[in-house]
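Below you'll find the structure, written out as C-alpha cells, and then a few comments.
Read the figures in this text as sums done on the coordinates, not as results from a lab. In this text, all values refer to a predicted model and were calculated from it rather than measured experimentally. Note that each Cβ is placed from the backbone with ideal geometry, even for glycine, and that neighbours are counted across all protein chains shown.
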Amino acid sequence: MPLAKTGSPWWSPSRHADRRPALLARGRIKQALRGHFEGQGFTEVECGALAVSPGNEAHLAAFATEAIGPDGARRTLYLHTSPEFAAKKLLAAGERRIFDFARVFRNRERGALHAPEFTMLEWYRADEPYEAVIADSLALLRLAAETAGRTMFSFRDRECDPYAEAERLTVAEAFRRHAGIDLLATLSAKGEGNREALAARAREAGADVAENDGWADIFSKVLVGIEPLLGIGRPTILYEYPRCEAALARATPHDPRVAERFELYVCGVELANGFGELTDPIEQRARFEAEMDERQRVYGERYPIDEDFLAALAQMPEASGVALGFDRLVMLAAGARSLDDVIWTPAP
C-alpha cells in the first residue's frame, strides 16, 4: 500500500484518503485480536498511563510530568513506557488472564518503526508456561494476516510467510551463525557479562566497539546487525537471552546463564518481546538498580523504583507475558511503510 503525498500533513484530505484503508484494517485487526483473547477467557483491562516509575531499563527514555495535589504539593510522575508494572499488580490482586491495548509513551524515539506514542498489546497468563505465550504470539500473527487478507508480509524488500512454521533460534545460536561469536563464552556461570571477552570477539567480527561501551552496549551493537536477518521467509522466535539482558524475565531451569525471554521477528522487524516472568523481588531490585546505574553513567539521570511493584511481585503468581507492538503488526498486515501510516493521529 504505497502512500502518496508524504510531504502533506496527515490530516490533509488527500493523504488521509491514502491512509484510510490501512486505518480501517487496523480496526478489523484489533477487533479480531480482542475476540481471540475473549474466546480464551481473558479479561480486557485498562492500565493507567501515569506511573511513579516509567520502567527501569537503562536505554528507555520516558516523558515526565508534574502532578499537583489539591494542597498545591507537587510530585513528578511519568507516562508509562509499558503497562507491565500495573498489569503485574493486577495479577497479584488475583487476575489470571488479562490483556490491554495500552497507549504507551517513549521519548527519544521517532522513525518508520518507532513513535513517541504508540499502542502496545500486552497480555499475561498466570500459572501458565513460557511456551503458551510464544504460541499466542504466533497465533496473533496469523490472525492479523488472515483478517487483512495477506498471504505474505513484506517490508523493505524482505518477505515472510506469516503462516509458516516459525524458526526457533537461541540468541547464542544467532550470534554464532550470523556474527561468528561464542556468546556464552562471554558469560559467567550466573550470566554476568565479561566485557573484555565480548569486546574482543565483537571486534574480530567487525563490530565498532568504543572504549566506553559496556557489555550490554556491545551486545546491542552486534544484535542490531543480526536483526535484519531474522524472520525472513518465515517468522523467527529468538529466545534464551543472556540473563544480564533478561529485563523482567526469570532464568531458565536448565542454564542459569540465560533467561526465559523471547522476541518474535518478521521481515527483520521485532514484533513482540515476552518473558517467563521473574517473581523474585530481591533479584528484580538488583536488576533495576544495575540498570539505573548504567542510565546514570550514560545519560546522567535515573528513574525511581516503584516500591509498590516490588511488593506486589512478592505476591504475584508464576506467570508469562508478552508485549507486542500493535502498530508494527498492523503496518505489516496492511502493507504500509511506516507506523505513521497506520496510526489515526500520528504524534506531532
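Numbers below:
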| item | result |
| --- | --- |
| From phi via Karplus (6.51, -1.76, 1.60), per-residue ³J(HN,Hα) for the stretch 316-325 in Hz, x at Gly/Pro | 6, x, 4, 7, 9, x, 9, 10, 10, x |
| Rounded, prolate or oblate (a/c below 1.5 giving rounded, otherwise prolate when a/b exceeds b/c) for the stretch 1-151 by Cα gyration tensor | oblate |
| Among 17-24, 232-239, the order from most to least packed when residues are scored by Cβ within 10 Å on average | 232-239, 17-24 |
| Cα-centred dipole magnitude for the chain, charges only on beta-carbon of K, R (+1) and D, E (-1), debye, nearest 20 | 1100 |
| Cross-link pairs 30/221; 190/221; 89/221 - those with Cα-Cα distance over 29 Å | 30/221; 89/221 |
| Amide hydrogen neighbours beyond the local backbone of residue 252, cut-off 5 Å, H modeled | 258, 259, 260 |
| Long-range amide H partners of residue 168 with built H, under 5 Å | 237 |
| Label point distance in nm, residue 74-residue 280, each placed 7 Å from Cα along Cα→Cβ | 4.1 |
| Packing-based order for 256-267, 139-150, using average beta carbon neighbours within 10 Å, highest first | 256-267, 139-150 |
| Three-way shape label, the stretch 134-188, alpha-carbon gyration tensor, a/c 1.5 | prolate |
| Prolate/oblate/rounded label for the chain (Cα gyration tensor, a/c 1.5) | rounded |
| FRET efficiency for residue 46 and residue 176, using Cβ-Cβ distance with R0 set to 25 Å, rounded to 0.05 | 0.05 |
| Sequence-separation-based contact order of the chain, relative, with Cα cut under 8 Å and 6+ spacing, percent | 23 |
| The chain, helix-only ellipticity at 222 nm - DSSP H runs n ≥ 4, -39,500 (n - 2.57), divided by all residues, nearest 500 | -11000 deg cm²/dmol |
